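Asker: Have a look at this one before I ask anything.
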Amino acid sequence: MKKQPVGNPFRIHGVVEGDYFTDRDDEIKRLVQALTEPGSKLLVYSPRRMGKTSAVMNAVDKVNKNGGHAFLADLSTASTAIDMGNRILAAATRIIGKKWKNFVTDVVSRLNVTVSLTPDPTTGIPLPSIDINLRGEEIGKQRQTLSGILDAINGTAKERKITVGIALDEFQEIHKFGGETAEWDLRASIQQHGNIGYVLFGSREHLIQHMMSSKGALYKMVDKMPFGPINSSHMAKWVDTRMADAGIKVQGVGDCIVHLAGARTRDIVQVARRCYDRTTSRGRATVEDVEYAFEDIIAEEHDLLFECWRSLTAHQQNILRAVAAGGKGLTTRETLARFTLGSSGTVTNTVNSLIKAGHLIRQDAHTLRKVTTPTGYDFDSPFFKGWVIRHTLSDIGLP
């Protein structure tokens, strides 16, 4: 008899694993290969909220359980290149430091900077940290220190005749510390590491796309793995199965959730999670419950979405109204007049700014499940789109 999930059968916070994780077998297989192959460099790219981090973390765990050496360093919160280096050192020490005797000492001995050791409050393992004063140094020197850390890990791995898998989440944030020069410095560093298998991934797609272009730092240096949406039928069936295993009778719930939430894995699971919370007391879920769950999420996020709306210019707001309304192309005469969009050139510039800010996506770039909108664009978030429909279309007389 299948064991029923304890609590809500859907998770959206942190790394998702076990029964809370579904599909991605092919992607994890390739990630494991990249993390264990000496000198490999794999770039994983996709829209946000597809589950990349969870998939990579599952691959890292698999490598380590099979006797290999791999870790993931999240660089998203780094304010300096030194912060990035500390993130990498700490992540390496937490995972590999448990397996390698004197790992910290070996790596630190290869660095030309002052390093302090502070016990991890959870494990007690001494975590290395670069001299805090270096955070105020010139950016170029900080990048040299970051490269030196990767060099030290590679040198230590080479000496021990092993391969270390390093997954760098939000790796493109190196751009903040010197623009394209920083990107080329990263290339120069990692291309010579024959004892490291790299997996690079992140969410700022416009930067990643530029780095992969013919003039970008990663051009022809990395293998590429698109991380697309999970098959909609699989997701719908998985949602229904998770609900049923948790004691909820379902009626078309999975299909409805996938239809409303779109292709992003996290959005689907978020709606499913809320639908479960609404229906667990009576043990039955219907399509109507899914719609209420979707509305609940929009209501919960109202304050954040309203502040986001207020931060936009009037022209950006009108573009979002036009996309939400789902009318004809944005540069047609009817749409330009109806939504007060001005000239087609102005529309193009504003749309590009909204894409760069992460509010819109191009449907020709991200055709999700072969469904495109009449305007050729769609919202990055189905919840922001729902909010715009419910709270702003009436401003211009639309229901």
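Asker: Can you tell me the length gained on complete extension of the stretch Lys99 to Glu138, counting 0.36 nm per residue apart and subtracting the Cα distance? List each step's numbers first, then the result.
Answerer: On the way: separation 39, 0.36 × 39 = 14.04 nm, distance 3.54 nm.
Using 0.36 nm per residue and subtracting the Cα-Cα distance, I get 10.5 nm.
Asker: Any chance you could run the full-extension gain for Asp245 through Asp74? It's 0.36 nm times the residue separation minus the Cα-Cα distance, nm to one decimal. It would help to have the intermediate numbers written out before the result.
Answerer: Numbers: separation 171, 0.36 × 171 = 61.56 nm, distance 3.36 nm.
Length gained, Asp245 through Asp74: 58.2 nm.
Asker: Among Leu304, Leu31, Leu207, determine the one that fluctuates most according to a GNM of the chain built with springs between C-alpha atoms less than 10 Å apart.
Answerer: Maximum among the listed residues: Leu304.
Asker: Determine the calculated [θ] at 222 nm for the chain from helices alone, applying -39500 (n - 2.57) to every DSSP H run no shorter than 4 residues and normalising by the residue count; nearest 500 deg cm²/dmol.
Answerer: Numbers: 16 runs with 192 residues, N = 399.
About -15000 deg cm²/dmol.
Asker: Right, something else. Let me make sure I get this right: for segment 118-188, a, b and c are the square roots of the gyration tensor eigenvalues over alpha carbons, sorted descending. Under 1.5 in a/c it's rounded, otherwise prolate if a/b > b/c, else oblate. Which is it?
Answerer: Verdict is oblate for segment 118-188.
Asker: Taking the 0 to 90 degree range and rounding to the nearest ten, how far is the long axis of helix 344-356 tilted relative to the main principal axis of the chain, both from C-alpha atoms?
Answerer: 50 degrees
Asker: Still on this structure, please answer the following. Nearest 10 degrees, 0 to 90: what angle lies between the long axis of helix 139-160 and the longest principal axis of the chain (Cα atoms)?
Answerer: So the inclination is approximately 70 degrees.
Asker: Viscosity 1.306 mPa s, temperature 10 °C: what is the translational diffusion coefficient of segment 250-399 from Stokes-Einstein with a Kirkwood Rh over Cα pairs, rounded to a whole number of µm²/s? Before the final figure, lay out the partial values.
Answerer: On the way: Rh = 16.3 Å.
D = 97 µm²/s.
Asker: Just to check, using Stokes-Einstein with a Kirkwood Rh over alpha carbon pairs, what's the diffusion coefficient of the chain at 4 °C and 1.567 mPa s in µm²/s?
Answerer: Details: Rh = 23.3 Å.
For the chosen part, D equals 56 µm²/s.
Asker: Turning to a different aspect of this structure: So if we plug the beta-carbon distance of Thr313 and Glu291 into 1/(1 + (r/R0)^6) with R0 = 35 Å, what FRET efficiency do we get, rounded to 0.05? Don't skip to the end; give the middle numbers.
Answerer: Values: r = 32 Å, r/R0 = 0.92.
With a Förster radius of 35 Å, E is 0.65.
Asker: In addition: With +1 on each Lys and Arg Cβ and -1 on each Asp and Glu Cβ, how big is the dipole of segment 218-349 about its Cα centre, in debye rounded to the nearest 20? List each step's numbers first, then the result.
Answerer: Numbers: 17 positive and 16 negative charges, 89 e Å.
For segment 218-349, the charge dipole is close to 420 debye.
Asker: Per-residue counts of other Cβ atoms within 10 Å, averaged by peptide: what ranking do you get for 344-350, 169-175, highest first?
Answerer: Values: 344-350: 14.9, 169-175: 22.9.
Ranked from most to least packed, the peptides come out as 169-175, 344-350.
Asker: Also, quick follow-up: Take His69, His210, His193 and sort them by solvent-accessible surface of the protein heavy atoms, 1.4 Å probe, largest at the top.
Answerer: Values: His69 30, His210 70, His193 5 Å².
Most to least solvent-accessible, the answer reads His210, His69, His193.
Asker: How long is the gain from Thr181 to Lys356 if the chain were fully straight, where each residue apart is worth 0.36 nm and the alpha carbon distance is subtracted? Intermediate values should be presented prior to the final figure.
Answerer: Numbers: separation 175, 0.36 × 175 = 63.00 nm, distance 2.09 nm.
Gain on extension, Thr181 to Lys356, equals 60.9 nm.
Asker: Quote the charge dipole size of the chain about the Cα centre in Debye, to the nearest 20; the model charges only the Cβ of Lys and Arg (+1) and of Asp and Glu (-1). Before the final figure, lay out the partial values.
Answerer: Values: 51 positive and 44 negative charges, 154 e Å.
Charge dipole of the chain: 740 debye, to the nearest 20.
Asker: Moving to a separate point now. Most mobile of Leu111, Leu186, Leu312 per a Gaussian network model of the chain (Cα springs, under 10 Å)?
Answerer: Leu312
Asker: Pull out a ≥ b ≥ c, the square roots of the eigenvalues of the alpha-carbon gyration tensor of segment 19-173, then state rounded if a/c is under 1.5, prolate if not and a/b is larger than b/c, and oblate in the remaining case.
Answerer: Working: a/c = 1.76, a/b = 1.40, b/c = 1.26.
In terms of gyration-tensor shape, prolate.
Asker: For the residue pair Arg390 and Ala188, what label-to-label distance in nm results when each label sits 7 Å from Cα along the Cα-to-beta-carbon direction?
Answerer: Going from the Arg390 label point to the Ala188 one covers 5.3 nm.
Asker: Run the quick spin-label model on Asn231 and Thr123: label points 7 Å from Cα toward the beta carbon, then report their separation in nm to one decimal.
Answerer: The two pseudo-label positions are separated by 3.8 nm.
Asker: Label points 7 Å out from Cα along the Cβ direction at Arg282 and Glu17: separation in nm?
Answerer: 3.8 nm
Asker: What does the C-alpha gyration tensor say about the overall shape of segment 99-140? Classify as rounded when a/c is under 1.5, otherwise prolate if a/b is larger than b/c, or oblate.
Answerer: Numbers: a/c = 3.35, a/b = 1.59, b/c = 2.11.
Note, shape of segment 99-140 comes out oblate.
The values are calculated or read from the model by the stated rules, or taken from the named source; none is laboratory data. Given the structure is predicted, the values throughout are model-derived calculations rather than measurements. In this analysis, Cβ positions are derived from the backbone assuming ideal geometry, glycine residues included, and neighbour counts consider all displayed protein chains. Note: accessible area is taken over every heavy atom of the protein model, side chains too, but ligands, DNA and RNA are not part of it. Shrake-Rupley method; radii C 1.70, N 1.55, O 1.52, S 1.80 Å.
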